Amino acid sequence: MSSKWKRRIREILFTLALITVLSFAMDVWRSQDMPQVELPEVQGFTTSGQVVDVITMSKEKPVLVYFWATWCPACKFVTPTVNWMSDSEHYSVVGIPISSGSDERVSRFLQAHDYQFENLNDPTGRISRQWGVSVTPTVVIVRNGEIHSATTGITTPPGLLARVWLAK
């Protein structure tokens, strides 16, 4: 292998390591406002009329709580993965659309994009404030009523899967 290729591989590995460290640091910084001891209740009727109680659900299996918005550009990259993950029998997904309008508007958006995961609408941002969420998208993994992990911004499918698997 030529020295040119070795140098290029080192540069790529260094860049990946730097991105990983910066991403982790941003997640830690943004999640400092999230509740550490007792989670606020997240329960109610979803936009499709299903009853949801995240804390109770998390006692059975990990729950991926997805704070997103219809107006969020970064959510366009993460939401398809969240939707795909909602088909799993190993964990549950609850979306919380923030300041995205009425239940009907959110339902139309979900239907137009063929998203199937359950959503507990947060038209005024009350739930997101209680959780200390200030950035969309934010993905929180809840297990046994506690936050297991949280990440913000664009997240890869393997990254989301790894977070859920680690919560088991």
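Cβ-Cβ distance below 7 Å, separation of 6 or more or different chains: which pairs start in the stretch 104-123 with a residue that is over 12 Å from A69 (Cα atoms) and end on one that is part of a loop (DSSP other than H, G, I, E, B) and open to solvent by 70 Å² or more (accessible area, probe 1.4 Å)?
Sorted first by the residue in the stretch 104-123, then by its partner, the pairs are E118/S48; E118/Q50.
Name the single residue, out of those in the stretch 135-150 being polar (S, T, N, Q) and modelled with pLDDT of 85 or more, that is nearest to the chain's Cα centre (by Cα).
Filtering the stretch 135-150 down to residues polar (S, T, N, Q) leaves 136, 138, 144, 149.
Filter again for modelled with pLDDT of 85 or more, leaving 136, 138, 144.
Numbers: T136: 9, T138: 4, N144: 17 Å.
If we take residues in the stretch 135-150 being polar (S, T, N, Q) and modelled with pLDDT of 85 or more, then T138 is nearest to the chain's Cα centre (by Cα).
When you scan the stretch 143-166, how many residues do you find that are among the small types (G, A, S), in contact (Cβ under 8 Å) with a residue 24 or more places away in the chain and over 10 Å from L64 (Cα atoms)?
2
Out of the stretch 111-126, which residues are part of a loop (DSSP other than H, G, I, E, B) and either open to solvent by less than 60 Å² (accessible area, probe 1.4 Å) or β-branched (V, I, T) (or both)?
Of the residues in the stretch 111-126, the ones part of a loop (DSSP other than H, G, I, E, B) are 113-117, 120-121, 123-125.
Matches in the stretch 111-126: Y115, F117, L120, N121, T124, G125.
Scan the stretch 134-152 for residues that are open to solvent by 20 Å² or more (accessible area, probe 1.4 Å) and assigned to a loop (DSSP other than H, G, I, E, B) and jot them down.
S134, V135, T136, N144
Return only the number of the condition from (1) outside any loop (DSSP other than H, G, I, E, B); (2) open to solvent by less than 40 Å² (accessible area, probe 1.4 Å); (3) without any contact (Cβ under 8 Å) to a residue 60 or more places away in the chain that S100 does not satisfy.
It is condition (1) that S100 fails.
The values are calculated or read from the model by the stated rules, or taken from the named source; none is laboratory data. Just so it is clear, the model here is predicted, and its values are computed rather than measured. Note that we place each Cβ from the backbone using ideal geometry, even for glycine, and neighbour counts take in every protein chain shown. Note: areas computed on protein heavy atoms with side chains; ligands, DNA, RNA excluded. Shrake-Rupley method; radii C 1.70, N 1.55, O 1.52, S 1.80 Å.
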